[in-house]
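The values are calculated or read from the model by the stated rules, or taken from the named source; none is laboratory data. Predicted model only: the values in this text are computed from it and were never measured. Ligands, DNA and RNA are stripped out before the accessible areas are found, and what is left, the full protein with its side chains, is counted by its heavy atoms. Shrake-Rupley method; radii C 1.70, N 1.55, O 1.52, S 1.80 Å.
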Amino acid sequence: MMIADQVIAQAELLAGEMDERLRLLCGVAVALLTGQLRDGVAPEDIREPFVTAASLMAYARWSQGRDIQEFRAGDLTVKKGQVGDFQGEALALLAPYLKSGFVFLGV
């Protein structure tokens, strides 16, 4: 199975659904992470962490703005927890394989 196909399958497991936007973001994540790998390191060399990181990154971007954090209707309030910093976790997972340099993960 191709790396991109594995990323799509894993992102679908995370999201519980697949749409064209998530499929596109999987391709973007694969391309971005591949471009950040050190010379001599290919995604196939680190298949498991690469697929995990790319699917987390795609899912994080896909889920931004999708989740309602709080909804109020009269006396009823429903709150939902945040997804977390999956993008930062994805980069941290691949850190040993990435080109050296400054990476800003967030505040």
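Here are a few things to note about the model shown:
- Residue among Q69, Q82, Q87 that alone is closer than 15 Å to A29 by Cα and either modelled with pLDDT under 85 or open to solvent by less than 80 Å² (accessible area, probe 1.4 Å) (or both): Q87
- Within region 15-41, considering residues that are of a type outside the set (G, A, S) and part of a loop (DSSP other than H, G, I, E, B), the one most open to solvent (accessible area, probe 1.4 Å): D39
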